[in-house]
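Comments concern the structure below.
The values are calculated or read from the model by the stated rules, or taken from the named source; none is laboratory data. What you see is a predicted model; the values in this text were computed from it and never measured. We place every Cβ from the backbone using ideal geometry, glycine too, and count neighbours over all the protein chains shown. Keep in mind that these areas ignore ligands, DNA and RNA; they rest on the heavy atoms of the full protein, side chains included. Shrake-Rupley method; radii C 1.70, N 1.55, O 1.52, S 1.80 Å.
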Amino acid sequence: MEDLSNYRKSYEKSQLLENTIPEDPINLFHKWFHETKDFGGVDEVNAMTVATIGLDGFPKSRVVLLKKFNEEGFIFYTNYNSEKGKAMLNNPNICLSFFWHSMERQVIIKGIAEKTSETISDNYFSSRPDGSKLGAIVSAQSEVIPSRDYLDNKLKDLESTSEGREIPRPEFWGGFLVKPIEVEFWQGRPNRLHDRIRYKLQADFNWKIDRLSP
């Protein structure tokens, strides 16, 4: 067994204090997101982990790309028939998390997932490169396939039949909007005494702000 007990790092880059944060977690997320994009040296600042409860009852996490966020919540796109798509349609209580290691920050979002409108999904799909559109159509995401050649050959066939034509969005592919009910911001601090600020949505739609012990 490999011993990792001596892997240690002191977090000293920033702090998170109640007198410097907004009342709304989306505003703080916007600030942290753009600070990371501008100064964090992260290749894909919009990469996030999506955790769902599968149809088999087990939790599962995977990394996807955030494509939009606003006061309503956080939007990403997937195949509705994929493992995560089926999981979210069966149990919409999910968790999103961002780990921006260069900034020593995490954001953890509990939320309720729902399909975006067809218009939103259509508009995003039409903005994608043709190769990405065809890839979405070819892939029966999460299903067992016989080989890589099988996938490549399906793509070649579709490329030949779609050349010069508009590529419509398939009904099985589209967006999910995750409406947050709880957002935690984690800022690394020295001596493992990290800052943890939690926003929790209340019945009156205001946010209750608490500091959590690290």
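Within region 103-145, restricting attention to residues that are without any contact (Cβ under 8 Å) to a residue 24 or more places away in the chain and open to solvent by less than 40 Å² (accessible area, probe 1.4 Å), which residue is nearest to the chain's Cα centre (by Cα)?
Looking at residues that are without any contact (Cβ under 8 Å) to a residue 24 or more places away in the chain and open to solvent by less than 40 Å² (accessible area, probe 1.4 Å), I get Gly135.
Scan region 31-60 residue by residue and report those that are open to solvent by less than 80 Å² (accessible area, probe 1.4 Å) and either within 10 Å of the chain's Cα centre (by Cα) or among the hydrophobic types (A, V, I, L, M, F, W, C) (or both).
Once the filter is applied, which keeps residues that are open to solvent by less than 80 Å² (accessible area, probe 1.4 Å) and either within 10 Å of the chain's Cα centre (by Cα) or among the hydrophobic types (A, V, I, L, M, F, W, C) (or both), region 31-60 yields Trp32, Phe33, Val42, Val45, Asn46, Ala47, Met48, Thr49, Val50, Ala51, Ile53.
Can you tell me which residue is surrounded by the most Cβ atoms within 10 Å (Cβ to Cβ) among those in region 146-179 that are assigned to a strand (DSSP E or B) and of a type outside the set (A, V, I, L, M)?
That would be Phe176.
Using beta carbons and a limit of 7 Å, which pairs, at least six apart or on different chains, have the first residue in region 173-186 and within 22 Å of Lys208 (Cα to Cα) and touching a residue at least 40 places away in the same chain (Cβ under 8 Å) and the second one buried (at least 20 other Cβ atoms within 10 Å of the Cβ) and among the basic types (Lys, Arg)?
Once the first residue is within 22 Å of Lys208 (Cα to Cα) and touching a residue at least 40 places away in the same chain (Cβ under 8 Å) and sits in region 173-186, its partners that are buried (at least 20 other Cβ atoms within 10 Å of the Cβ) and among the basic types (Lys, Arg) give Trp186/Arg105.
Is there any pair with a first residue in region 63-80 that is under 23 Å from Lys133 (Cβ atoms) and a second that is open to solvent by 50 Å² or more (accessible area, probe 1.4 Å) and in a strand (DSSP E or B) whose Cβ atoms are under 6 Å apart and which are 6 or more apart or on different chains, and what are they?
The qualifying pairs are Ile75/Lys68.
Considering region 56-74 alone, what residues qualify as being more than 21 Å from Tyr124 (Cβ to Cβ) and out of contact with any Asp or Glu (no Cβ under 8 Å at 6 or more places or on another chain)?
Matches in region 56-74: Asp56, Gly57, Phe58, Pro59, Ser61.
Can you find a residue in region 74-82 that is open to solvent by 90 Å² or more (accessible area, probe 1.4 Å) and closer than 18 Å to Val183 by Cα?
No, that holds for no residue.
Tally the residues that are in a helix (DSSP H, G or I), among the hydrophobic types (A, V, I, L, M, F, W, C) and within 22 Å of Arg62 (Cβ to Cβ), restricting the search to region 33-48.
1
Conditions tested, residue by residue: (1) touching a strand residue (DSSP E or B) at 6+ places or on another chain (Cβ under 8 Å); (2) farther than 30 Å from His194 by Cα; (3) of a type in the set (S, T, N, Q).
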residue: Asn91; (1), (2), (3): yes, yes, yes
residue: His101; (1), (2), (3): no, no, no
residue: Glu104; (1), (2), (3): yes, no, no
residue: Arg128; (1), (2), (3): no, yes, no
residue: Glu159; (1), (2), (3): no, yes, no
residue: Ser162; (1), (2), (3): no, yes, yes
residue: Glu166; (1), (2), (3): no, yes, no
residue: Trp173; (1), (2), (3): yes, yes, no
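If you take the residues in region 9-30 that are part of a loop (DSSP other than H, G, I, E, B), touching a residue at least 12 places away in the same chain (Cβ under 8 Å) and of a type outside the set (D, E, K, R), which one is least open to solvent (accessible area, probe 1.4 Å)?
Looking at residues that are part of a loop (DSSP other than H, G, I, E, B), touching a residue at least 12 places away in the same chain (Cβ under 8 Å) and of a type outside the set (D, E, K, R), I get Leu16.
With the condition being under 30 Å from Arg165 (Cβ atoms), I'd like the strands (runs of 3 or more DSSP E) fully within region 55-145 carrying at least 1 qualifying residues.
Ranges flagged: 59-65, 74-79, 105-115.
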